[in-house]
Amino acid sequence: MSLQEKLEALKHETLAKIEAATDLVALNQIRVETLGKKGPITEVLRGMKDLSAEERPKVGSFANEIRDALAESLEARKEVLEINAMNEALAKERIDVTLSGKQMPIGTRHVLTQIIEEMEDIFVGMGYQVVEGYEVERDHYNFQRMNLPKDHPARDMQDTFYITDEILLRTHTSPVQARTMEKHDFSKGPLRMVSPGKVFRRDTDDATHSHQFHQIEGLVIDEKVTMGDLKGTLEVLMQQMFGADREIRLRPSYFPFTEPSVEVDVSCFKCGGQGCNVCKQTGWIEILGAGMVHPNVLEMSGIDATKYSGFAFGLGPDRIAMLRYGVNDIRDFYHNDIRFIHQFKGE
Ligand code: PHE
């Protein structure tokens, strides 16, 4: 077989292999084997020195031709295989965007948080600031500064958990009154604040008592604040919370830190005052304690009681939520039963 014939045969054989190659790795292997440094074509070209001067250019150009033809064919096949590989990958990795997705469970804010935020909004709308207090509080602020000195009999109603003799879990949010008053700069305007949070008492838990519950404290101090301001403010609050037809009534009461003190009732939102199971047939629902800030409390906080006066109130979000949603047991708020919590999805 002449050299030319050998090369011709090699060309056909290699072209067939290229055609048969089904992946890029195999194709590269063919390229290395035929066109590489140790491949047959390189060998032919290397052996040229042994040929006659007349044969050399013929064989040389023939060998080059074949090398170019094979290189071209390799390149063409490579392109085809690359496109195939890409199409295959595209087919395999395709996602069907029309498939329905997985439902992500969305949580809900606790019903008490919702009530507290709703009331905060109402007060912020009336120019109040929202203040945070401490759940672990000093006897000094929780009792003494609220006009409840040591051994005051009214402390009996608010027994609590003591960390030391002087440090306790606060029994009400009223200590925030004292903490806010002593910091307030009246040259910048009146003091109007609400302060929501948890409070604690040594109670035996039952359907209407929990050792932990919530309050929202309210406090307004300015010159010439009257009980009329207190009544008007609470009326607005109750109408926004329970409906525009709500009325309130004040009954005399007693708190050491307010004088006079009142218990505030709201006309029943369910029966409108006719009498029903929600208002226990009275037409009225007892909703909060309030009063005019006692001069002793003002003075102890460094406020001139001859110049300034104010009102304060304490609301119970737990009770409001129970009334509004017909929850019969306060403990439901604290059991963290997801079936209970999820009933209050809010908007
Ligand atoms: N701190 C009182 C309580 O817990 C409620 C209250 C607050 C009453 C402010 C009057 C004024 O019972």
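The values are calculated or read from the model by the stated rules, or taken from the named source; none is laboratory data. If you're wondering where the values come from, they're calculated on a predicted model, not measured in any experiment. Cβ sites come from the backbone with ideal geometry, for glycine too, and all protein chains shown count toward neighbours.
Against the condition surrounded by fewer than 20 Cβ atoms within 10 Å (Cβ to Cβ), at pLDDT 95 or above and within 16 Å of the ligand (Cβ to nearest atom), how does residue 259 come out, does it pass? Break it down stepwise before answering.
Working: surrounded by fewer than 20 Cβ atoms within 10 Å (Cβ to Cβ): yes; at pLDDT 95 or above: yes; within 16 Å of the ligand (Cβ to nearest atom): yes.
When the stated conditions are applied, residue 259 passes them.
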Residue in the stretch 104-112 that is outside any loop (DSSP other than H, G, I, E, B) and closer than 30 Å to residue 339 by Cα present: yes
Residues that are in a helix (DSSP H, G or I), away from the ligand (no atom under 14 Å from the Cβ) and under 25 Å from residue 259 (Cα atoms), drawn from the stretch 124-174: 139, 140, 144, 153
From the options 225, 236, 264, residue that is assigned to a loop (DSSP other than H, G, I, E, B), at pLDDT 95 or above and of a type in the set (A, V, I, L, M, F, W, C): 225
Residue, nearest to residue 331 (Cα to Cα), within the stretch 112-151, restricted to residues that are of a type in the set (A, V, I, L, M) and touching a Lys or Arg at 6+ places or on another chain (Cβ under 9 Å): 115
Per-region count, the stretch 118-150, residues closer than 16 Å to residue 315 by Cβ and either crowded, with 19+ Cβ neighbours inside 10 Å or β-branched (Val, Ile, Thr) (or both): 8
Residue in the stretch 205-225 that is surrounded by the most Cβ atoms within 10 Å (Cβ to Cβ), counting only those that are closer than 19 Å to residue 185 by Cβ and within 14 Å of the ligand (Cβ to nearest atom): 219
Close pairs (6 angstrom Cβ cut-off, 6 or more residues apart or separate chains): under 11 Å from residue 35 (Cα atoms) in the stretch 58-85, basic (Lys, Arg) and surrounded by 11 or more Cβ atoms within 10 Å (Cβ to Cβ) anywhere: 66/11; 74/31
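For the stretch 102-120, which residues satisfy the criterion of being free of Cβ contacts under 8 Å to residues at least 60 places away in the same chain and either within 16 Å of the ligand (Cβ to nearest atom) or within 12 Å of residue 196 (Cβ to Cβ) (or both)?
Going residue by residue through the stretch 102-120, those that are free of Cβ contacts under 8 Å to residues at least 60 places away in the same chain are 102-107, 113, 117.
Scanning the stretch 102-120 gives 113, 117.
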Checklist (1) crowded, with 16+ Cβ neighbours inside 10 Å; (2) within 12 Å of the ligand (Cβ to nearest atom) applied to residue 237, failing item: (2)
Residues located in the stretch 277-308, provided they are farther than 26 Å from residue 248 by Cα and assigned to a loop (DSSP other than H, G, I, E, B): 301, 302, 303, 304, 305, 306, 307
